[in-house]
Amino acid sequence: MKFYFAPMEGITTFLYRNAHAKYFAGVDQYFTPFLMPNQKRIFRTRELQDVLPEHNQGVHLVPQILTKKPEEFIKTAKELQKMGYDEVNLNVGCPSKTVVSKGKGSGFLNHLEELDEFFTEIFDKLDMKISVKTRVGMYSESEFGEILEIYNKYPISELIIHPRVQKDFYSGKPYINTFSKAVKDSSNEVCYNGDITSVDDFQKLRKKFPQVHAFMIGRGLLYNPALIRQIKGGPALSKEELLKMHNQIYEAYKGYVSGEKNVLFKMKDFWSNPVKLFTNYEKYAKKIKKAQNLKSYEQAVDALVSEQEIREAL
Ligand SMILES: Cc1cc2nc3c(=O)[nH]c(=O)nc-3n(C[C@H](O)[C@H](O)[C@H](O)COP(=O)(O)O)c2cc1C
């Protein structure tokens, strides 16, 4: 059984993933948030920083690429291969309107012939593992049969399925029956992704899909960074280790992004999930959100961790 930390643009940066990996073992693979090459350049500065091997020591990282142009995918994958990566992941899931309107991300699912040609070309030109992270359609899960027929034509190293459609964004419930169909009909290995936020969520899915070898978790890990450890039967999250992870990320962002406001923005984002693990968290969450400078931010965090405890029933 393998566990993956889902890519989340703007959140699961190398600074975040290094801190997570240091304090919470158990993630078999991390994925970079999407890298978006264009005609002029392969990586933006921020993207290059994120994939540099020296910034990812000791973590198994799979870089993810978002493009609909085979030549851009190939060029980026080859550059990553030179850095030592043996796998790249194609994003066919991003639901953002600006991405979808260009036929990329889940928008690719609206252009199946193009997707088919894209795969023919990248599998012909690349000699490395290519995995895919996909939704099950643009508008309706009934689209998935046709989509899977295309995926089944290629030696995709792993098909990571978030069983929602583009128009759902992140609302509603994952289409479990469509995921079942994928498990049954996919000729490639399948990984499940979506809405696992507790040990119980995981166990229900595990029971339903005993043959699935990998599960990817995103928001559940932002909320409870120890979730995979708990799934494996280990101890629940402690306040001390959450604080250690926080401190590492905080120091790292202070050294990496310029300006107090940007550091504050990142750290408010960090707390937006795990703050809910604490008893009586509402007033502390508000204080953190309202902090105008790092000093008041630190005071708000100090008050939360010194005055409240992590709830027992996680
Ligand atoms: C803020 C945010 C950013 C995301 N960025 C990416 C991304 O860069 N690439 C990607 O494939 N999925 C991205 N996703 C989707 C997640 O990887 C994942 O598929 C989704 O959150 C469902 O899994 P979860 O319910 O375990 O969070 C993002 C999701 C969120 C909420």
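Odds and ends about this structure:
- Test: residue in region 183-202 that is without any contact (Cβ under 8 Å) to a residue 24 or more places away in the chain and over 30 Å from Glu312 (Cα atoms): yes
- Of the residues making up region 52-78, those that are assigned to a helix (DSSP H, G or I), surrounded by 14 or more Cβ atoms within 10 Å (Cβ to Cβ) and not acidic (Asp, Glu) are His55, Pro70, Phe73, Ile74, Lys75, Thr76, Ala77, Lys78.
- Scanning region 197-219 for residues being within 16 Å of the ligand (Cβ to nearest atom) and assigned to a helix (DSSP H, G or I) gives a total of 9.
- Residue count for region 122-148 satisfying the condition of being exposed (fewer than 15 other Cβ atoms within 10 Å of the Cβ) and either of a type in the set (A, V, I, L, M, F, W, C) or in contact with a helix residue (DSSP H, G or I) (Cβ under 7 Å, 6 or more places away or on another chain) (or both): 4.
- Of Tyr16, Tyr4, Tyr30, all but one fail to be assigned to a helix (DSSP H, G or I), under 14 Å from the mean Cα position of the chain (by Cα), within 13 Å of the ligand (Cβ to nearest atom) and not charged (D, E, K, R); the exception is Tyr16.
- Yes/no for Gly194 being crowded, with 18+ Cβ neighbours inside 10 Å, within 26 Å of Thr45 (Cβ to Cβ) and within 12 Å of the ligand (Cβ to nearest atom): no
- Pair list, Cβ < 7 Å and 6+ apart or interchain, from region 293-314 residues that are without any contact (Cβ under 8 Å) to a residue 24 or more places away in the chain to residues that are surrounded by 13 or more Cβ atoms within 10 Å (Cβ to Cβ) and of a type in the set (Phe, Trp, Tyr): Ala300/Tyr284; Ala303/Tyr284
- Test result for Pro225, more than 16 Å from the ligand (Cβ to nearest atom), under 21 Å from Glu312 (Cα atoms) and not in a helix (DSSP H, G or I): no
- Boolean, Val132 is in contact (Cβ under 8 Å) with a residue 40 or more places away in the chain, within 12 Å of the ligand (Cβ to nearest atom) and in contact with a Lys or Arg (Cβ under 7 Å, 6 or more places away or on another chain): no
- Ala25, sole failed condition from (1) at pLDDT 95 or above; (2) in a loop (DSSP other than H, G, I, E, B); (3) away from the ligand (no atom under 14 Å from the Cβ): (1)
- When region 160-177 is filtered for residues that are within 11 Å of the ligand (Cβ to nearest atom) and in a helix (DSSP H, G or I), only Asp168 remains.
- Filter result for the condition that a residue is more than 16 Å from the ligand (Cβ to nearest atom), in a helix (DSSP H, G or I) and either crowded, with 19+ Cβ neighbours inside 10 Å or of a type outside the set (Val, Ile, Thr) (or both), over Gln81, Gln39, Gln49: Gln81
- Residue count for region 1-41, restricted to those that are closer than 30 Å to Pro210 by Cβ and charged (D, E, K, R): 3
- Taken as a whole, the condition of being over 30 Å from Leu243 (Cβ atoms), within 16 Å of the ligand (Cβ to nearest atom) and either under 14 Å from the mean Cα position of the chain (by Cα) or not in a helix (DSSP H, G or I) (or both) applies to Lys102.
The values are calculated or read from the model by the stated rules, or taken from the named source; none is laboratory data. It should be emphasised that the depicted structure is a prediction, and the values quoted were computed from it without experimental measurement. Every residue, glycine as well, gets a Cβ built from its backbone with ideal geometry; the counts of neighbours run over all protein chains shown.
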